[in-house]
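Remarks on the structure that follows.
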Amino acid sequence: MDQNIERDRRLFLKSGVAAAIAAGSAFQSSLTAQDEVAVGDSPGEKVVLGIMGVNGRGAAIANGMMAAANTEIGAVCDVDSRAALRVGQLVSDKQGRAPKVVGDFRRILDDKAIDVLVVATPNHWHAPAAILGCAAGKHVYVEKPCSHTPAEGEMAVAAARHHQRIVQMGTQRRSWSGIQEAIEKVHSGVIGKTLYSRTWYNNRRPGIGFGKTASIPEWLDWDLWQGPVARREYKDNVVHYNWHWHWDWGNGELGNNGIHAIDVARWGLQVSYPSRVTAGGGKYRHEDDQETPDTMMVTMDFPEQKTITWEGLSWSPLGPHDSGFGISFHGTEGSIVIRGAGYTVYDLKGKEIDTGTGDAGDKAHFADFLDAVRTGRLPNADIEIAHQSTLLCHLGNIAYRTNSVLDLDPSNGRIKNNEAAESFWTKEYEPGWEPKV
């Protein structure tokens with residue numbers, strides 16, 4: 001076995017996260033978002049970040065983090081050497097100091113000068129990298145969804161708590177002032193007792209064609225791109241975006257964009273784990289390699305007698321309220337619809353009675369994370385909040401893939417009495433990368 005892989009396997013096991021999950025009570029006793037976490041070796045005023053995955057979202061994060069006070073990008077990493085060099089130069093030009101440019105994120109883990117690991121990779125890397133980052137003493141900003149499977153989400157929470165690290169998921173709406181104001185109105189009873197939230201995402205995505213097995217490009221480390229997942233042949237229509245629509249690496253539109261809306265819905269309804277999840281739909285529009293559904297409806301019922309639904313339509317751009325993305329809350333005295341960074345309040349007759357808006361973008365969410373790193377408080381999208389919202393996406397996909405109704409333990413979201421569905425709680429890992437007790 002490669003020495004680096006063996007080293008990382010030991011680090012993964014040493015973190016104790018697998019053992020923490022095996023003992024369900026350990027997970028249940030983890031901190032809530034209202035608690036503070038005692039952060040060991042918290043960095044001082046200046047925060048140095050290493051960014052893993054800079055071909056797309058990671059480059060935007062680099063730009064945004066450099067705009068914050070007293071931050072520095074110490075390293076950029078990508079398995080695509082072209083992206084790593086391009087963003088390395090961008091960072092150097094903007095901050096006046098060249099970052100380290102690496103192809104292997106383990107160099108970031110080994111760098112004692114780096115305080116934060118940013119994970120902006122494909123989904124299958126999110127939780128494994130975050131867990132290794134925590135074990136290496138780094139705080140972590142991980143893009144959505146925070147895990148590729150439910151088990152990984154539980155492990156990420158356990159790793160953050162065990163190593164006393166700040167871990168924030170990139171669901172930036174948690175920090176948008178207009179949406180915070182809308183949620184406060186929901187919570188304060190402006191629309192009465194809120195019982196239901198509808199969420200949706202619409203787009204007009206093209207087909208991805210039928211990929212062919214091809215030679216690995218010289219600029220791509222395909223082995224490290226795959227990382228913890230079981231090895232697959234390189235195909236010419238996967239990198240850099242279409243992996244979203246393959247179960248080996250992505251979570252479909254539900255995990256890609258659904259997570260943003262479902263997270264806000266769960267926040268507004270003040271619910272944690274569901275008691276039942278169902279899903280319907282299919283892959284209807286294009287004849288191509290896509291494995292995940294392009295048409296989907298998920299229903300999530302909670303023990304508080306509240307329900308969230310998500311409608312995903314990847315090939316037709318018109319959504320409810322003339323918006324391709326949104327969240328609506330429905331109460332006994334009215335409704336609130338969130339579109340973009342603002343909201344509208346309606347009475348029971350559908351009359352508009354109030355509106356509000358605020359800033360969008362990443363600035364407030366990055367500021368919240370950096371403040372949490374400096375002070376030790378939990379951030380707006382703390383990893384436990386992140387896991388609870390991401391789990392809803394996983395459960396929707398599992399219900400769809402097994403064509404079954406999921407009955408769940410509302411204390412932790414675990415699947416009950418459904419062997420086929422339970423088999424999707426975790427997945428096959430590349431030998432040397434799998435978590436073990």
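Taking only the stretch 346-393 into account, find how many residues are among the polar types (S, T, N, Q) and on the phi > 0 side of the Ramachandran plot.
Of the residues in that region, 0 qualify.
Would you please name the residue that is farthest from Gly396 (Cα to Cα), looking only at residues in the stretch 225-250 that are assigned to a loop (DSSP other than H, G, I, E, B) and among the aliphatic types (A, V, I, L, M)? Talk me through it step by step, then tell me what you get.
Going through the stretch 225-250, the residues assigned to a loop (DSSP other than H, G, I, E, B) turn out to be 227-228, 230-234, 236-241, 246-250.
Narrowing the set further to residues that are among the aliphatic types (A, V, I, L, M) leaves 230, 238-239.
Working: Ala230: 23, Val238: 24, Val239: 25 Å.
Among residues in the stretch 225-250 that are assigned to a loop (DSSP other than H, G, I, E, B) and among the aliphatic types (A, V, I, L, M), the one farthest from Gly396 (Cα to Cα) is Val239.
I'd like the full set of residues that are touching a Lys or Arg at 6+ places or on another chain (Cβ under 8 Å) and under 18 Å from His394 (Cβ atoms), limited to the stretch 127-149.
Answer for the stretch 127-149, where residues must be touching a Lys or Arg at 6+ places or on another chain (Cβ under 8 Å) and under 18 Å from His394 (Cβ atoms): Glu143, His148, Thr149.
May I ask you to verify whether Pro217 is modelled with pLDDT of 95 or more and surrounded by fewer than 20 Cβ atoms within 10 Å (Cβ to Cβ)?
Details: modelled with pLDDT of 95 or more: yes; surrounded by fewer than 20 Cβ atoms within 10 Å (Cβ to Cβ): yes.
Here the answer is yes, as Pro217 does meet what is asked.
Of the conditions (1) touching a Phe, Trp or Tyr at 6+ places or on another chain (Cβ under 6 Å); (2) part of a helix (DSSP H, G or I), Ser335 satisfies every one except a single condition; which number is it?
Among (1) touching a Phe, Trp or Tyr at 6+ places or on another chain (Cβ under 6 Å); (2) part of a helix (DSSP H, G or I), Ser335 violates only (2).
Kindly indicate which of Ile216, Ile183, Ile208 is of a type in the set (A, V, I, L, M, F, W, C), touching a residue at least 60 places away in the same chain (Cβ under 8 Å) and in a loop (DSSP other than H, G, I, E, B).
Ile208
Is there any pair linking a residue in the stretch 395-420 that is at positive phi to one that is surrounded by 15 or more Cβ atoms within 10 Å (Cβ to Cβ), with Cβ under 6 Å and at least six apart or on different chains, and which?
Close Cβ pairs (under 6 Å, with a partner that is surrounded by 15 or more Cβ atoms within 10 Å (Cβ to Cβ)) amount to Gly413/Tyr273; Gly413/Leu391.
Exactly one of these conditions fails for Gly340: (1) of a type outside the set (A, V, I, L, M); (2) closer than 21 Å to Tyr201 by Cα; (3) over 31 Å from the mean Cα position of the chain (by Cα). Give me its number.
(3)
Among the residues that make up the stretch 300-313, is at least one of them among the small types (Gly, Ala, Ser), in contact with a helix residue (DSSP H, G or I) (Cβ under 6 Å, 6 or more places away or on another chain) and modelled with pLDDT of 95 or more?
Within the stretch 300-313 (the criterion being among the small types (Gly, Ala, Ser), in contact with a helix residue (DSSP H, G or I) (Cβ under 6 Å, 6 or more places away or on another chain) and modelled with pLDDT of 95 or more), the answer is yes, since at least one residue qualifies.
Just need a number here: residues in the stretch 299-344 that are without any contact (Cβ under 8 Å) to a residue 24 or more places away in the chain, among the hydrophobic types (A, V, I, L, M, F, W, C) and surrounded by fewer than 17 Cβ atoms within 10 Å (Cβ to Cβ).
0
Which of the residues that make up the stretch 277-298 are assigned to a loop (DSSP other than H, G, I, E, B) and free of Cβ contacts under 8 Å to residues at least 40 places away in the same chain? Full working, then the answer.
As a first pass, look at the stretch 277-298 and keep what is assigned to a loop (DSSP other than H, G, I, E, B): 283-294.
Across the stretch 277-298, the qualifying residues are Lys283, Tyr284.
Can you spot a residue in the stretch 372-385 that is among the acidic types (Asp, Glu) and over 18 Å from the mean Cα position of the chain (by Cα)? Even if it seems obvious, please write down each step before you answer.
Step one: of the stretch 372-385, the residues among the acidic types (Asp, Glu) are 382, 384.
Adding the requirement that they be over 18 Å from the mean Cα position of the chain (by Cα) leaves none.
No, the stretch 372-385 contains no residue that is among the acidic types (Asp, Glu) and over 18 Å from the mean Cα position of the chain (by Cα).
Which ones in the stretch 129-149 are closer than 21 Å to Ala60 by Cβ, in contact with a helix residue (DSSP H, G or I) (Cβ under 7 Å, 6 or more places away or on another chain) and not in a loop (DSSP other than H, G, I, E, B)?
Across the stretch 129-149, the qualifying residues are Ala130, Gly133, His139, Val140, Tyr141, Val142.
Pairs, please: C-beta under 7 Å, at least 6 apart or cross-chain, first residue in contact (Cβ under 8 Å) with a residue 40 or more places away in the chain and in the stretch 241-256, second of a type in the set (Phe, Trp, Tyr) and surrounded by fewer than 22 Cβ atoms within 10 Å (Cβ to Cβ)?
Qualifying pairs under 7 Å: Trp249/Trp243; Gly250/Trp243.
Looking only at the stretch 251-276, which residues are assigned to a loop (DSSP other than H, G, I, E, B) and under 11 Å from the mean Cα position of the chain (by Cα)?
Of the residues in the stretch 251-276, the ones assigned to a loop (DSSP other than H, G, I, E, B) are 251, 270-275.
Within the stretch 251-276, Asn251 is the sole residue that qualifies.
State the number of residues belonging to the stretch 160-175 that are of a type in the set (A, V, I, L, M) and within 15 Å of Gly64 (Cβ to Cβ). Steps first, answer last, please.
Initially, the stretch 160-175 is screened for residues of a type in the set (A, V, I, L, M), giving 160, 166-167, 169.
Subsequent filtering for residues that are within 15 Å of Gly64 (Cβ to Cβ) retains none.
Summing the residues that are of a type in the set (A, V, I, L, M) and within 15 Å of Gly64 (Cβ to Cβ) in the stretch 160-175 gives 0.
List the number of the failed condition for Ala160; all other conditions in (1) within 26 Å of Glu253 (Cα to Cα); (2) touching an Asp or Glu at 6+ places or on another chain (Cβ under 9 Å); (3) assigned to a helix (DSSP H, G or I) hold.
Failing condition for Ala160: (1).
Any residue that is surrounded by 19 or more Cβ atoms within 10 Å (Cβ to Cβ), under 29 Å from Asn70 (Cα atoms), touching a Lys or Arg at 6+ places or on another chain (Cβ under 8 Å) and among the hydrophobic types (A, V, I, L, M, F, W, C) - is there at least one of those in the stretch 368-382?
Yes, the stretch 368-382 contains at least one residue that is surrounded by 19 or more Cβ atoms within 10 Å (Cβ to Cβ), under 29 Å from Asn70 (Cα atoms), touching a Lys or Arg at 6+ places or on another chain (Cβ under 8 Å) and among the hydrophobic types (A, V, I, L, M, F, W, C).
Please note which helices (runs of 4 or more DSSP H) are completely contained in the stretch 348-437 and include at least 2 residues that are more than 29 Å from Pro274 (Cβ to Cβ).
363-375
The values are calculated or read from the model by the stated rules, or taken from the named source; none is laboratory data. Please read all numbers here as calculations on a predicted model, not as lab measurements. A quick note on method: Cβ atoms are made from the backbone with ideal geometry, for glycine too, and the neighbour counts reach across all protein chains shown.
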